[in-house]
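Below: the structure, in structure tokens.
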Amino acid sequence: MTETRRPTPRPEILAIAPYVGGASTIPGLSRIIKLSSNEGAFGAPPAAQKAIADGAEKMARYPDGSVQGLREAIGAHFGLDPARIVCGNGSDEVLSMLIQAYGGPGTEILMSQYGFSIYEIFGTLAGSTVRKAPETDMTADIDALLAAVTEKTTLVFLANPNNPTGTLVPMEALQRLRDGLPPHVLLVIDAAYAEYVERPDYDGGLSLVEAGENTVMSRTFSKIWGLGGARLGWCYGPAAIIDVLNRLRPPFNINATAAAAGIAALSEPGWEKMSRDHNTVARARVAAALTQAGIRVWPSEGNFVLADFGTADQARAADAALKAEGIIARMLVSYGLAHCLRITIGTDEECQMVIDSLVAFMARANTPATTDA
Ligand SMILES: *Cc1c(COP(=O)(O)O)cnc(C)c1O
């Protein structure tokens with residue numbers, strides 16, 4: 001046996017780069033407009049804030065490991081069977097559990113080219129091979145996904161709408177994906193932005209979950225519900241898959257305060273509609289103004305836009321211009337989208353600051369440099 005000088009992790013661990021979230025500070029600036037993580041525009045719902053404050057005195061007690069009250073509240077709000085909901089410490093944990101259960105060495109996980117990076121990170125960690133299918137117009141390409149399926153594929157992840165592109169695969173294409181996948185392949189529809197989608201036929205993937213034994217829909221409290229810091233997500237799936245997740249799930253993965261905050265957020269009158277209505281109007285305004293300024297904006301169904309500056313240099317310069325005014329957008333170098341910035345739709349005031357800053361940036365960029373010294 002060879003002697004090693006220090007503990008050695010599984011090789012998969014060192015094969016991944018640690019996840020880097022959206023930045024939240026700019027050195028030297030105190031007022032920051034953070035538009036880098038797609039957190040809802042209006043902060044945490046007041047009822048959730050109160051629930052979090054009230055939770056302090058109960059902290060000595062272990063939480064309800066099955067989070068029954070939370071699952072019932074989710075079920076009541078979204079019209080779902082609470083017995084077929086599993087909650088996670090963020091939907092990231094739900095995605096991780098699905099990969100632990102259905103991925104692993106010898107399996108392949110399939111995602112699209114600009115799909116959410118967490119699938120690749122967790123998939124690699126689990127020892128799966130992660131394959132990416134090329135996209136068309138920044139949108140998952142169903143034919144390319146189906147063509148990339150092999151006999152080792154056990155999981156397909158599709159964020160719909162996708163982060164960081166914002167694009168949506170229409171329902172009939174989603175159905176075509178499910179129909180084309182072998183029945184033993186688990187399709188995970190990550191609907192983190194479902195509440196923002198305005199298309200009448202969009203159901204987050206629910207009809208596909210209900211139609212068979214092999215599709216799961218994941219959701220989160222981190223975006224429209226304003227609870228990113230509480231770490232709360234969930235999934236809805238067929239009973240057999242829910243049973244597997246409940247065996248795998250850490251016994252107390254949802255802390256008592258997060259559960260209470262989630263229940264309270266769902267009870268906040270008008271929150272979801274108010275947030276969605278604002279997002280739809282503000283997103284259109286930002287997209288129109290940026291387009292007018294000469295920036296390509298990809299169509300988005302989420303609470304963010306993908307602004308395409310054409311080159312990595314331009315995107316970097318635009319990011320610097322925003323930062324100079326305290327605005328943090330998300331650089332996408334790690335996604336292979338160095339020429340783009342992802343910008344969260346904030347309040348009206350924040351959106352106006354983004355517009356003003358980028359309109360001025362484009363005006364400067366389009367002004368020929370003077371040659372006289
Ligand atoms: C934000 C996001 C998540 C993660 O949400 P958490 O519940 O905070 O872990 C999952 N999927 C997508 C596509 C996201 O954008």
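What follows is calculated from the coordinates using simple rules that are stated; it is not laboratory data. Small disclaimer: the values here were computed from a predicted structure and weren't measured. Here the Cβ positions follow ideal geometry from the backbone for every residue, glycine too, while neighbour counts run over all protein chains shown.
Annotations
- Residue among VAL197, LEU266, ALA287 farthest towards the positive dipole end of segment 156-312, charges placed on Cβ: ALA287
- Integer Hz, Karplus 6.51/-1.76/1.60 couplings in order for segment 129-145, x for Gly and Pro: 8, 9, 10, 10, 9, x, 9, 10, 6, 6, 10, 3, 9, 4, 5, 5, 4
- Residue-wise HN-Hα couplings along segment 11-22, as the Karplus relation 6.51 cos²θ - 1.76 cosθ + 1.60 with θ = phi - 60° gives them from phi, are x, 4, 4, 7, 6, 9, 8, x, 5, 10, x, x Hz; Gly and Pro carry x.
- With Cα atoms, 0 to 90° folded angle of helix 68-78 axis to the chain main axis: 60
- Long-range amide H partners of VAL156 with built H, under 5 Å: LEU110, LEU186, LEU187, VAL188
- Gain on full stretching of the segment that runs from PHE42 to ASP54 - 0.36 nm per residue minus C-alpha separation: 2.2 nm
- Counted charge near LEU177, where neighbours are those whose Cβ lies closer than 12 Å (Asp, Glu -1; Lys, Arg +1): -2
- Between segment 1-74 and segment 186-222, the alpha-carbon center distance in angstrom: 23
- The chain: most fluctuating residue of ASP201, ASP277, ASP348 per GNM, C-alpha cutoff 10 Å: ASP201
- Set against the 2.2 N^0.38 Å expectation for a compact globular protein, the chain has a Cα radius of gyration ratio of 1.03.
- Relative to the longest principal axis of the Cα atoms of the chain, helix 171-180 runs at roughly 50 degrees.
- Cross-link pairs LYS273/LYS323; LYS34/LYS273; LYS223/LYS323; LYS50/LYS273; LYS34/LYS58 - those with Cα-Cα distance over 26 Å: LYS273/LYS323; LYS34/LYS58
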